[in-house]
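Taking it in order: structure first as structure tokens, then the write-up.
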Amino acid sequence: MIDVEDLIALVRNYNPRSNADLIRRAYAYGTQMHEGQFRKSGEPYFTHPVAVAAILTEQQLDDATIVTALLHDTIEDTKSTYAEVAKLFGEEVAELVDGVTKLTNLQLSNTESQQAENFRKLFMAMSKDLRVILVKLADRLHNMRTIKSMKPEKQAQKARETMEIYAPLAGRMGMQWMREELEDLSFRVLNPDAR
């Protein structure tokens, strides 16, 4: 797992005026909130938000987006609340975290009418603040990179969602490298013998 000072260094590479204290506080808060939680791989859960934040540094995103990545699962998966995030990190970050939580809670289904409705919801969220979508895409990318820890049927479901929703969305947003990686990772799950 990337430690907080290495993460700050990644941000400072493109944003020398980055608020290192804000990132340190978010990292400490995320670590505390996810204490005792583990991923299916057995790794501490907080390795995931840190990896999502690191992916977003490659896109040279602002401090609020990096902090949102560190906190993106706190409201959904811990005792943290919107009010607490707003108090500690500001309304902007709380709204971004809440937006990511709402996208995460969308029920993605294979029926076409539901699919179209979910696309509309995604684009409505995107029109409010594009950074919500960027965090969600980085979240899905890291989850696809570590998908082998899931049961095969769950892997297939996530891979289909990724092919149908997330990869095209990355492409529409001009992130062709991410679209290609999402498609490749999904294809490996859905067609394991096609190597």
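Determine whether Arg188 is charged (D, E, K, R), at pLDDT 90 or above and either outside any helix (DSSP H, G or I) or open to solvent by 60 Å² or more (accessible area, probe 1.4 Å) (or both).
yes
Keeping to the range 134-169, report how many residues are of a type in the set (A, V, I, L, M, F, W, C) and at pLDDT below 90.
So the count comes out to 2.
Are any of the residues in the range 87-99 of a type in the set (D, E, K, R), more than 20 Å from Val4 (Cβ to Cβ) and under 13 Å from the mean Cα position of the chain (by Cα)?
yes
Looking only at the range 1-28, which residues are open to solvent by 20 Å² or more (accessible area, probe 1.4 Å) and either in contact (Cβ under 8 Å) with a residue 60 or more places away in the chain or in a helix (DSSP H, G or I) (or both)?
Residues satisfying the conditions are Val4, Glu5, Asp6, Ala9, Leu10, Arg12, Asp21, Leu22, Arg24, Arg25, Tyr27, Ala28.
Looking only at residues in the range 153-179 that are not in a helix (DSSP H, G or I) and not small (Gly, Ala, Ser), which one is least open to solvent (accessible area, probe 1.4 Å)?
So the residue we want is Met175.
Quick one: how many residues across the range 29-64 are within 22 Å of Trp177 (Cβ to Cβ) and open to solvent by less than 40 Å² (accessible area, probe 1.4 Å)?
Residues meeting the conditions: 11.
The values are calculated or read from the model by the stated rules, or taken from the named source; none is laboratory data. Only a predicted model underlies this, so the values are computations on that prediction, with no experimental measurement involved. As a convention, Cβ positions derive from the backbone with ideal geometry for all residues, glycine included, and neighbour counts pool all protein chains shown. Surface areas here come from the heavy atoms of the whole protein model, side chains and all, with no ligands, DNA or RNA. Shrake-Rupley method; radii C 1.70, N 1.55, O 1.52, S 1.80 Å.
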